[in-house]
Amino acid sequence: MAKYLLLIYGEEPPAPPTPAQVEAMFTEYDAFSVGIEKQGILRGAEALLPTAAATTVRVRDGKSLVTDGPFAETKEALGGFYVIECDDLDTALGAAAKIPGAKSGSVEVRPIMPMPERAG
Amino acid sequence: MAEAREPRSVADGSIAVVEQTFRAESGRALATLIRVLGDFDLAEEAVQDAFVTAIERWPRDGVPDRPGAWIVTTARNRALDRLRRRRTEAVKVAEIERAASAGVEGDVRLGGESRVADDRLRLIFTCCHPALPLDARVALTLRTLGGLTTPEIARAFLVPEATLAQRIVRAKKKILAAHIPYRVPPDDLLPERLDGVLATLYLIFNEGYTASVGDELVRRDLCAEAIRLSRLVADLMPESTEARGLLSLLLLQDSRRDARTEPDGGLVLLEAQDRARWDRAEMDEGMALVERALAQSGGRPGPYAIQAAIAACHASAAVAADTDWAEIAALYARLAQVAPSPVVDLNRAVAVAMAFGPAEGLVLVEGLRAEGALAEYHLFHATRADLLRRLGRRQEAAVAYERSLALATNGAERAFLERRLAEVRSAG
């Protein structure tokens with residue numbers, strides 16, 4: 001078994017989506033989430049607010065540098081993620097392909113580093 | 001004296017058996033060990049250890065009844081020793097021990113052959129997984145499934161040995177880290193994944209067949225490996241017409257190898273080749289395979305089977321003039337449907353010109369010219385120039401030859417184009 005983070009990247013719309021668009025998107029994502037929950041591989045998921053709400057912190061020489069905006073200004077921004085746990089990469093890729101955002105943006109599949117169990 | 005010589009000749013004999021076993025069995029042993037251990041490096045080290053042990057023991061104790069099975073069992077034990085020495089968690093060792101003995105003993109009990117073949121098929125799908133970069137797929141496939149060493153592969157692809165070794169290391173790490181599965185993909189993924197495997201094998205072959213630089217012997221090895229691995233896939237997946245189509249295509253192309261180069265290394269065009277020098281055995285096998293692939297495809301052959309059918313049209317013509325160009329043109333039209341590409345359209349135009357005259361071919365070429373996709377491709381302009389020349393439109397032909405020359409880099413091709421350009425200019 002291996003854990004993967006599925007990072008959903010897409011272009012952020014120039015204007016906020018209409019309530020109907022938001023509704024349609026949530027319906028699609030709900031269907032996907034229910035699907036992978038039934039499959040038994042869902043471990044966690046969150047949707048993110050737009051990068052306009054992001055703040056980035058760096059600590060240099062003990063001093064915090066706080067800047068407005070995301071870490072990197074790119075065309076496609078991180079919009080949300082899923083954590084899944086499954087047998088192999090093919091299963092993870094299969095799940096990633098079903099994420100609604102994969103149709104317009106892209107989904108990066110990153111293995112999560114396995115950590116040794118800590119005693120206590 | 002005779003007594004003193006006796007043990008040494010027995011020893012020499014067993015060393016020869018170790019060498020034979022290594023050639024015949026190391027790839028299979030590796031595939032099995034990778035399955036049971038789930039670790040490429042550990043499997044490689046263990047198989048090497050097993051052969052070192054064989055060199056020590058076989059001269060002394062005699063060659064075992066089934067050398068291949070002995071190697072697999074010994075390698076399994078050496079791998080477990082290594083794991084224990086590395087102080088791998090006891091639970092993990094026990095888990096691998098269980099899986100390894102079940103796996104290896106299963107092979108021994110079953111006589112191994114079919115199971116081992118399956119291991120190699122699994123391994124080729126792992127090595128050609130789309131999560132690995134193409135150059136790493138090629139290197140890893142040749143290194144683990146082919147009989148080529150890292151320096152040999154590096155020489156064949158004209159990359160520094162360190163670069164190639166690095167590619168292989170990274171690929172193996174990714175297989176472990178990302179849990180790339182070690183199996184023949186399930187039905188829903190199979191067509192797409194098989195395409196990836198066949199494309200990798202075709203790339204290996206082409207590197208050996210068409211590259212104009214590099215060590216000739218190493219390049220022959222690449223072709224031989226591509227054919228051997230295609231044969232493995234075609235044999236193990238008899239229901240796949242494309243696997244059989246690729247094997248046929250490779251055999252038919254390879255059969256012309258000796259006839260396609262001049263002693264000085266220059267390329268000989270297909271129509272000028274001495275057909276007596278084509279390899280009859282390879283041709284016959286390729287022709288039989290493509291017939292089966294076409295019959296099996298139910299009228300819907302894939303790109304490799306169609307390309308093999310085209311190669312078979314050339315192979316079945318005793319002299320160039322007998323070539324059935326109308327059939328070849330029809331096959332290119334089908335190929336353009338299943339695998340559209342402007343280069344396929346250009347080849348179709350050439351076949352149409354051969355079958356129905358340069359004017360018919362030129363209509364297609366002018367259509368491609370309007371699309372513009374081949375504007376930077378020297379063979380497009382060379383083809384157009386040739387058709388114009390044959391139609392007596394010499395001035396236009398000269399312009400097209402000039403355009404082709406401006407793009408061509410291969411010395412032999414440039415010499416040919418310059419000769420033609422001089423001809424059309426002097427006649428004009």
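A few points about this structure:
- Among B:I227, B:L203, B:L145 - extreme Cα towards positive end, dipole of the stretch B:117-228, charges at beta-carbon: B:L145
- Which of A:T91, A:T56, A:T18 has the fewest Cβ neighbours within 10 Å, and the rest in rising order: A:T18, A:T56, A:T91
- The angle between the Cα long axis of helix B:342-356 and the longest principal axis of the Cα atoms of chain B comes to about 50 degrees, rounded to the nearest 10.
- By the count of neighbouring beta-carbon atoms within 10 Å, fewest first, B:C223, B:C127 end up ordered B:C223, B:C127.
- Short to long, the 20 Å bins of the Cα pair-distance histogram for the protein assembly as shown hold 16, 40, 32, 11, 0 percent of all pairs.
- Of interest is the spacing of the C-alpha centroids, which for the stretch B:21-67 and the stretch B:154-175 amounts to 24 Å.
- Sum of -39500 (n - 2.57) over DSSP H runs of 4+, divided by residues of chain A (222 nm, nearest 500): -8500 deg cm²/dmol
- Helix-only [θ]222 nm of chain B, DSSP H runs n ≥ 4, -39500 (n - 2.57) each, per residue, nearest 500: -25000 deg cm²/dmol
- Cβ-defined net charge surrounding B:R137, 13 Å radius [Lys, Arg +1; Asp, Glu -1]: +3
- Ordering B:A312, A:A45, B:L80 by Cα displacement along the dipole of the protein assembly as shown toward the positive end leaves B:L80 in first place; charges were set at the Cβ atoms of Lys, Arg (+1) and Asp, Glu (-1).
- Since only B:V343, B:L252, B:L134 are under comparison, the one whose Cα sits farthest along the positive direction of the charge dipole of the protein assembly as shown, derived from C-beta charges on Lys, Arg, Asp and Glu, is B:L134.
- Residue order for B:V352, B:V290, fewest other beta carbons within 10 angstrom first, comes to B:V352, B:V290.
- Backbone amide hydrogens, once placed in the peptide plane, bring B:T261 within less than 5 Å of B:V268, excluding anything fewer than 5 places away on its chain.
- Percentage relative contact order, the stretch A:1-80, counting C-alpha pairs under 8 Å, at least six apart: 44
- Under the Karplus curve 6.51 cos²θ - 1.76 cosθ + 1.60, θ = phi - 60°, whole-Hz ³J(HN,Hα) for the stretch B:138-153, x wherever Gly or Pro sits: 4, 5, 5, 4, 5, 6, 8, 9, x, x, 8, 7, 4, x, 5, 5
- Along its first, second and third principal axes, ordered by size, the stretch B:117-228 spans 40, 26, 21 Å in Cα coordinates.
- Contact order relative to length of chain B, as percent, for alpha carbon pairs under 8 angstrom and 6 or more apart: 8
- Only the Cβ atoms of Lys and Arg (+1) and of Asp and Glu (-1) were treated as charged; on that basis the dipole of the protein assembly as shown about its Cα centre amounts to roughly 780 debye.
- Converting phi to 3J(HN,Hα) with the Karplus coefficients 6.51, -1.76 and 1.60 and the offset θ = phi - 60°, the stretch A:55-63 yields 9, 10, 10, 10, 10, 10, 6, x, 9 Hz in sequence order, with x at every glycine or proline.
- Across the stretch A:33-38, computed HN-Hα scalar couplings (Karplus, 6.51 cos²θ - 1.76 cosθ + 1.60, θ = phi - 60°) run 4, 4, x, 6, 5, 4 Hz from first to last residue, x flagging Gly and Pro.
- About its Cα centre, the dipole of the stretch B:117-228 is roughly 400 debye, where the only charges are +1 on Lys and Arg Cβ and -1 on Asp and Glu Cβ.
- Eligible lysines near A:K3 by straight Cα distance, threshold 25 Å, same-chain separation 8 or greater: A:K38, A:K98, A:K103, B:K92, B:K172, B:K173, B:K174
- About the centre of its Cα atoms, the stretch B:376-428 shows a dipole size close to 200 debye [charges on the beta carbon of Lys, Arg (+1) and Asp, Glu (-1) only; nearest 20 debye].
Computed from the coordinates by the stated procedures, all read-outs in this text should not be read as laboratory data. As the structure is a computational prediction, the values presented were derived from the model and not from experiment. Here Cβ is always computed from backbone atoms with ideal geometry, including for glycine, and neighbour counts include all displayed protein chains.
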